[in-house]
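Okay, structure first, notes after.
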Amino acid sequence: MFTKIQALGAAGLDKLEAFGRSGIILSQAVFAIPGRQAWPLFIQQLYSVGVLSLIIIIVSGLFIGMVLSLQGYTILVDYGSEQAVGQMVALSLVRELSPVVTALLFAGRAGSALTAEIGLMKATEQLSSLEMIGVDPLRRIIAPRFWAGMLSLPLLSMIFSVVGIWGGMLVGVDWLGIYEGSFWSNMQNSVDFSEDVVNGLIKALVFGVAVTWIAVYQGYDSVPTSEGISQATTRTVVYASLAVLGLDFILTALMFGDL
Amino acid sequence: MSYLDDSIIDIRQLSFARGDRAIFDAVDIRIPRGKITAVMGPSGTGKTTLLRLIGGQLKPDQGQIVLDNDNIPALSRKELFKVREKMGMLFQSGALFTDMSVFENVAFPIRVHTDLSEQMIRDVVLMKLHAVGLRGAADMMPSELSGGMARRVALARAIALDPDLVMYDEPFTGQDPIAMGVLVNLIARLNKALGHTSIIVSHDINETLAIADYIYLIADAKVLAHGTAEELRGNGSEQVRQFLDGLPDGPVPFHFPADDYLDQLMQG
Ligand SMILES: Nc1ncnc2c1ncn2[C@@H]1O[C@H](COP(=O)(O)OP(=O)(O)OP(=O)(O)O)[C@@H](O)[C@H]1O
Ligand SMILES: [Mg+2]
């Protein structure tokens, strides 16, 4: 009995300690704002974290927009209000689906890659040898990746929305024959810039911080063996996905709870 | 005059444990300045650990590691990075940066710590690569190198900035006899020409004793013996003799501490 409570306590302390360590890494990474030397590193990471995620984001955005439009149409047409499909597609994308789905895809595509890359650098002593050369790996390796990941996510989420709305239009207007004018005007009248677009981007930014933080921390703190890295990669995807969904609920309650 | 009168590193009462196992138990080690010091001992005694302690990558449980008046374990993160600019380290695994070419790997410390022109960096890098016989491999990526080549590139990188203190963790492993001879000479020559202090961890007794000015033998968390090559050869201790002659039987165990073999087999 006592040993169980003890084990629970020890596990709790371990988690707390890990959280503290990740906090230290986060603060070091955040304040290591890319200097003159670090710009190329940052740009390079922006490419491998952001640009290389574009394909999956665009394809997913297109399909989700099309499905939304199709589902919305079959429901709304019963009430004769199928021209509201544009409004429905745009609002659900901008407020909710773009940030969340982008973040989930990003965790799987870029987050896991970040963890594996950093973990492997640790296992092959590249991080140690950076330290011995007198270069802080938190500044050189972690910080550019963190900044790139954090800033990529809002951009990717925006692209997701745009492509999704276009997909919704393809299905709604070109295929199902909703009148184009009312499709767009309904959308324009209902989507508010600061209420919807800005809040959606804030969500994406928060998810960006959470997902990249988890990814770089899991890599940096991984056990430097092949199992250690594979476990860390799995943890990144699981923790990041759960964090995104949990944070989404909190943010939605804060932003849209009193509407 | 003894070599230890002028030491660059002064380790006092160093204790370090991994879990319950003491790797070092209150050891004193002094590394003479401008000389080649060899650290030898059975595999798994903590030679790599010692280098990491000196480099500040591990913190000792107790004791001081004083490098030129700086007590390494007590330094702040920032001061530590400053001190490390004076050190070069060849890792046991090489640890080349896999996303850079051989040339860029060797150029890396120079780019980070100096403002030399591109032309000068090129000259220095090619010179270092030439010294380890790999000038022709400058444009290759680390994944294209053999283990021995990678280690030589790592050696070139460790000495790129001509540091005051170079630590070589098993530089000769995986080298053919020719490369080995060249590396032994290179390390000795660099030491004489540039006057920097070298610490070599190696299992190649003859090669190492040939160039080392001073030797530490470590076993069982203690310093077993230290002195010049002659002093060690003249050492009457059975343990020292066993190690220098490479005999399997004797007081120094070949096996990692374990339960009795027969007992373990009988337990099934
Ligand atoms: N990360 C670690 N966690 C736990 N124990 C470790 C770790 N690294 C090393 N050890 C233990 O510390 C001891 C010393 O390791 P070290 O690598 O310093 O040995 P070494 O003298 O360099 O051996 P070798 O000659 O084989 O390279 C070993 O017995 C090893 O079991
Ligand atoms: Mg070792």
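Below are the figures for this structure:
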{"quantity": "Whichever residue in segment B:41-59 is under 11 Å from the mean Cα position of the chain (by Cα) and touching a residue at least 12 places away in the same chain (Cβ under 8 Å) and, among such residues, is nearest to ligand 2 (Cβ to nearest atom)", "calculated": "B:Thr48"}
{"quantity": "For B:Thr98: the one exception among (1) among the polar types (S, T, N, Q); (2) within 14 Å of chain A (Cβ to nearest Cβ); (3) out of contact with any helix residue (DSSP H, G or I) (no Cβ under 9 Å at 6 or more places or on another chain); (4) away from ligand 1 (no atom under 16 Å from the Cβ)", "calculated": "(3)"}
{"quantity": "Residue match in segment B:91-100 (condition: modelled with pLDDT of 90 or more, within 23 Å of B:Asp176 (Cα to Cα) and out of contact with any His (no Cβ under 6 Å at 6 or more places or on another chain))", "calculated": "yes"}
{"quantity": "Counted residues, segment B:49-89 - those being more than 9 Å from chain A (Cβ to nearest Cβ) and open to solvent by less than 10 Å² (accessible area, probe 1.4 Å)", "calculated": "7"}
{"quantity": "Selection count, segment B:180-209, where residues are more than 14 Å from chain A (Cβ to nearest Cβ), open to solvent by less than 20 Å² (accessible area, probe 1.4 Å) and within 16 Å of ligand 2 (Cβ to nearest atom)", "calculated": "4"}
{"quantity": "Subset of segment B:136-174 (residues that are within 16 Å of ligand 1 (Cβ to nearest atom), of a type outside the set (A, V, I, L, M, F, W, C) and crowded, with 20+ Cβ neighbours inside 10 Å)", "calculated": "B:Arg151, B:Tyr168, B:Asp169, B:Pro171"}
{"quantity": "Test for B:Ile9: is it within 16 Å of ligand 1 (Cβ to nearest atom), open to solvent by less than 50 Å² (accessible area, probe 1.4 Å) and away from every other protein chain (no Cβ under 14 Å)", "calculated": "no"}
{"quantity": "Wholly enclosed helices (runs of 4 or more DSSP H) of segment A:75-154 bearing at least 2 residues more than 30 Å from A:Asn186 (Cα to Cα) and open to solvent by less than 40 Å² (accessible area, probe 1.4 Å)", "calculated": "A:112-123, A:126-133"}
{"quantity": "Hits in segment B:12-28 (condition: within 16 Å of ligand 2 (Cβ to nearest atom) and open to solvent by less than 70 Å² (accessible area, probe 1.4 Å))", "calculated": "B:Phe16, B:Ile23, B:Phe24"}
{"quantity": "Residue in segment A:98-115 that is over 29 Å from A:Ile165 (Cα atoms) and at the interface with another protein chain (Cβ under 10 Å from one of its Cβ atoms) present", "calculated": "no"}
{"quantity": "Matching residues, segment B:221-238, being at pLDDT 80 or above and among the hydroxyl-bearing types (Ser, Thr, Tyr)", "calculated": "B:Thr228"}
{"quantity": "Candidates B:Ala22, B:Ala107 - the one that is more than 10 Å from chain A (Cβ to nearest Cβ), under 26 Å from B:Ser146 (Cβ atoms) and more than 14 Å from the chain's Cα centre (by Cα)", "calculated": "B:Ala107"}
{"quantity": "Residue in segment B:60-69 that is among the acidic types (Asp, Glu), without any contact (Cβ under 8 Å) to a residue 12 or more places away in the chain, assigned to a loop (DSSP other than H, G, I, E, B) and away from ligand 1 (no atom under 13 Å from the Cβ) present", "calculated": "no"}
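The values are calculated or read from the model by the stated rules, or taken from the named source; none is laboratory data. Just so you know, these numbers come straight off a predicted model, no measurement behind them. Cβ: placed from backbone, ideal geometry, glycine included. Neighbour counts: every protein chain shown. For accessibility, only protein heavy atoms count, side chains too; no ligands or nucleic acids. Shrake-Rupley method; radii C 1.70, N 1.55, O 1.52, S 1.80 Å.
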